[in-house]
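Novice: One structure is given below, represented as structure tokens, and several questions about it will come after.
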Amino acid sequence: MTSTDLAPATGRAPTVRHRGEPDILSPSGARITASAARKLIESVPRNSRDARTTRWLSYSQWCDAYGWGNSEGNALVSYLSDLGDRGHPSKTLEAHFGTLRALRAVQGTPVADAEVKACLAIIRHRAGEEADDPLVEPGPLQADGVDLDELRLMVRTLDRTTVRGKRDAATLIVDWWMAGRASEPARFNLHDVKITTVKVKGKDGAKVSRRALIIKIRRSKADQGARGQEVRVLAQGDQEICPVHAALEWLDVLADDGQLTPGPFLRRIDKHGNIGAKAAGRHTKDPLRRGGITADTVNNIIKAAAKAAELTPMPTPAELADEARAKAEAFEAAAAAETAEEANAVIKAWRTAKRAARATVRRITGHSMRRGCIQALLDAGNPPEVVAVHSRHSPRSAAFDAYRNKQLSWAQNPTATLGLAA
């Protein structure tokens, strides 16, 4: 082979195409197209992105306030220690550590192994402090589960003769029976919710026909790869809290309004009763979800119904004012403190008192329907592995294990078997 055989063929030189959006430099200095960068960002759920931003901002502000560099050795362990000194629970320290360690690695300033071990020791120390604190119950404040009787009370606060009442009833009931995360019903498309008739065994063992919902979840918190999952829910004898009946009522609303059209299943409603894209107000940024509701809407529907049913307390204006005043006084006292240690102690005392007060009242949030359904299914004697499939958990998931009510019923209590009953 001669050198001439390697010469490029004659002809027009290739055209270099210029992009409308300039390329971006990553934190490590590598170049990436704007399109790829945007997709990488959007591949992370919005809540996770917001949490990362908030935690990094908190860390950066702490570094600036105390004269540390973001990438300086032992800056992270010192920051976590201060979080604990200000009364944040060990789970908060754990979350900040995971996020900041990952972000430092992305930026090319990874946390040294020795500092990683020190951070874990600080987190364990804070967990021990929480366990020994007589003022506050250890562990995170979790949402309380909503049981079936409470679901019924919540549904009864709605006016199901109205468009909004039928939508909110469908949201509450379907979300409960599917053990849903607040984000899941908000993402349903119309064709993701199908009503069918299936054959199941009756009490006498004979096959009987029952109506059922088949819900397609295209992606969720536990399915970021968007492989898709299916949830099956049977119709219930109590029409008031039957998911199939609630879905049919809402579908009738959409049909009457001429909106049995591709798009979100659960749609926005304005104060005039206009539905979906016709509703006034701010719509979602995603054009494909225009007219649909968001996870925040689901969360608000659940909280409002719980308050209307008097399952959660409604703070009085005086109580809200007292809470705001206590916070302002704490931060004012911390700002006037001579040392960081004194300031941290003031904030910790305020945060501990606030946490203790919150622990005394029920907390019903967007997660309460999921927790309540899982607990009810387990309490009814269903095998955990069956319930885990319904709730889209791995049977060995630590998250699923946290939902389980580990207390034995009094009928199962082993101390009743020694023949010494009163």
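The values are calculated or read from the model by the stated rules, or taken from the named source; none is laboratory data. Note that the structure is a prediction, hence the values are computed from the model and not measured. Reconstructed Cβ throughout: ideal geometry from the backbone, glycine too, with neighbour counts over all protein chains shown. For accessibility, only protein heavy atoms count, side chains too; no ligands or nucleic acids. Shrake-Rupley method; radii C 1.70, N 1.55, O 1.52, S 1.80 Å.
Novice: Per residue, how much accessible area does the stretch 11-152 show when a 1.4 Å probe rolls over the protein heavy atoms, in square angstrom? Mind showing how you got there, number by number?
Specialist: Details: 8900 Å² over 142 residues.
Dividing the accessible area of the stretch 11-152 by its residue count gives 63 Å².
Novice: Here is a further query. If you count, for each residue, the other Cβ atoms within 10 Å and average over each peptide, how do 257-270, 361-374 line up from highest to lowest? Kindly include the intermediate steps, with their values, before the conclusion.
Specialist: Details: 257-270: 17.7, 361-374: 21.3.
Highest to lowest by the protection proxy: 361-374, 257-270.
Novice: Charges on Cβ only, +1 for Lys and Arg, -1 for Asp and Glu, centred on the Cα centroid of the stretch 62-199; of A169, T92, A75, which one is farthest towards the dipole's positive end?
Specialist: A169
Novice: Still on this structure, please answer the following. Starting from the Cα-Cα distance between I214 and L141, subtract it from 0.36 nm times their residue separation and give me the gain in nm to one decimal.
Specialist: Values: separation 73, 0.36 × 73 = 26.28 nm, distance 3.32 nm.
Separation in residues times 0.36 nm, less the Cα-Cα distance, equals 23.0 nm.
Novice: If r is the Cβ-Cβ distance from L148 to D204 and R0 is 25 Å, what FRET efficiency results, to the nearest 0.05?
Specialist: Numbers: r = 25 Å, r/R0 = 0.99.
Calculated transfer efficiency: 0.50.
Novice: So what are the three principal axis dimensions of the chain from its Cα atoms, in whole Å, longest to shortest?
Specialist: The Cα atoms of the chain stretch 83, 75, 52 Å along their principal axes.
Novice: So which residue, out of H18, H283, H96, gets the largest mean-square fluctuation from a GNM of the chain using Cα contacts under 10 Å as springs?
Specialist: Greatest mean-square fluctuation among the candidates belongs to H18.
Novice: Let me have the relative contact order for the stretch 85-209, percent, based on Cα pairs under 8 Å that are six or more residues apart. Could the numbers behind the result be given before it?
Specialist: Working: 57 pairs, mean separation 17.8, N = 125.
Relative contact order of the stretch 85-209: 14 percent.
Novice: Give me the one-decimal nm value for the distance between modelled label points at E329 and D159, 7 Å along each residue's Cα-to-Cβ direction.
Specialist: Going from the E329 label point to the D159 one covers 4.3 nm.
Novice: Would you mind telling me the share, in percent, of accessible area of the chain contributed by carbon and sulfur at probe 1.4 angstrom? It would help to have the intermediate numbers written out before the result.
Specialist: Details: 13770 of 25610 Å².
Roughly 54 percent of what the probe reaches on the chain is carbon or sulfur.
Novice: With a 1.4 Å probe and all protein chains kept in place, how do T99, T417 rank by accessible area, largest first? Numbers along the way, then the final one.
Specialist: Working: T99 20, T417 105 Å².
Order by accessible area, largest first: T417, T99.
Novice: Ok, one more. Tell me, how many Å apart are the Cα centres for the stretch 266-292 and for the stretch 60-92?
Specialist: Centre-to-centre distance over Cα atoms comes out at 42 Å.
Novice: Compute the Cα gyration tensor for the stretch 60-124, then decide on rounded, prolate or oblate, letting a ≥ b ≥ c be the square roots of its eigenvalues: rounded whenever a/c is under 1.5, prolate when a/b is larger than b/c in the other cases, and oblate in all that remain. Present the calculation step by step, with values, prior to reporting the outcome.
Specialist: On the way: a/c = 1.64, a/b = 1.20, b/c = 1.37.
In terms of gyration-tensor shape, oblate.
Novice: Who wins for biggest fluctuation among G237, G228, G128 in a Gaussian network model of the chain, springs between alpha carbons below 10 Å?
Specialist: G237
Novice: Hey, another quick one. Could you tell me the calculated FRET efficiency between K285 and R52, based on Cβ-Cβ distance and R0 = 25 angstrom, to the nearest 0.05? Before the final figure, lay out the partial values.
Specialist: On the way: r = 19 Å, r/R0 = 0.77.
The computed FRET efficiency comes out at 0.80.
Novice: Two decimals is fine: what's Rg over Rh for the stretch 106-222, C-alpha atoms, Kirkwood radius as Rh? Walk me through the numbers before you get to the answer.
Specialist: Values: Rg = 23.4 Å, Rh = 19.7 Å.
On the Cα set of the stretch 106-222, Rg over Rh gives 1.19.
Novice: Same structure again: Keeping all protein chains in place, calculate the accessible area per residue for the stretch 283-392 (probe 1.4 angstrom), answer in Å². Write down the numbers at each step before the final one.
Specialist: Working: 6210 Å² over 110 residues.
Computed with neighbouring chains in place, this is 56 Å² per residue.
Novice: Right, another one. If you put +1 on each Lys and Arg Cβ and -1 on each Asp and Glu Cβ, how big is the dipole of the chain around its Cα centre, in Debye rounded to 20? Can you show the working numbers first?
Specialist: Values: 63 positive and 50 negative charges, 411 e Å.
Here the size comes out at about 1980 debye.
Novice: Of the listed peptides 101-109, 315-323, what is their order by residue-averaged count of other C-beta atoms within 10 Å, with the highest listed first? Before the final figure, lay out each step's value.
Specialist: Details: 101-109: 14.2, 315-323: 10.6.
Result, highest mean first: 101-109, 315-323.
Novice: If I stretch the segment between A359 and S26 completely, what's the gain in nm (0.36 nm per residue apart, minus their alpha carbon distance), one decimal? Can you show the working numbers first?
Specialist: Working: separation 333, 0.36 × 333 = 119.88 nm, distance 4.32 nm.
The A359-S26 span can extend by a further 115.6 nm.
Novice: Go ahead and estimate [θ] at 222 nm for the chain from helices alone: -39,500 (n - 2.57) per DSSP H run with n ≥ 4, summed, over the residue count, rounded to 500.
Specialist: Numbers: 15 runs with 200 residues, N = 422.
The per-residue figure over the chain is -15000 deg cm²/dmol.
Novice: Above 23 angstrom, tally the Cα pairs of the stretch 190-283 and express them as a % of all pairs, no decimals.
Specialist: On the way: 1818 of 4371 pairs.
Value for the stretch 190-283 (Cα pairs over 23 Å): 42 percent.
Novice: If I ignore ligands, DNA and RNA and count only protein heavy atoms, how much of L172 is accessible to a 1.4 Å probe, in Å² to the nearest 10?
Specialist: Roughly 0 Å² of L172 is accessible to a 1.4 Å probe.
Novice: Share of Cα-Cα pairs in the stretch 165-323 beyond 19 Å, in percent? Don't skip to the answer; put the middle values down first.
Specialist: Values: 7496 of 12561 pairs.
Result for the distance tail: 60 percent.
Novice: Along the principal axes of its C-alpha atoms, what lengths does the stretch 257-404 span, in descending order and rounded to whole Å?
Specialist: 65, 47, 31
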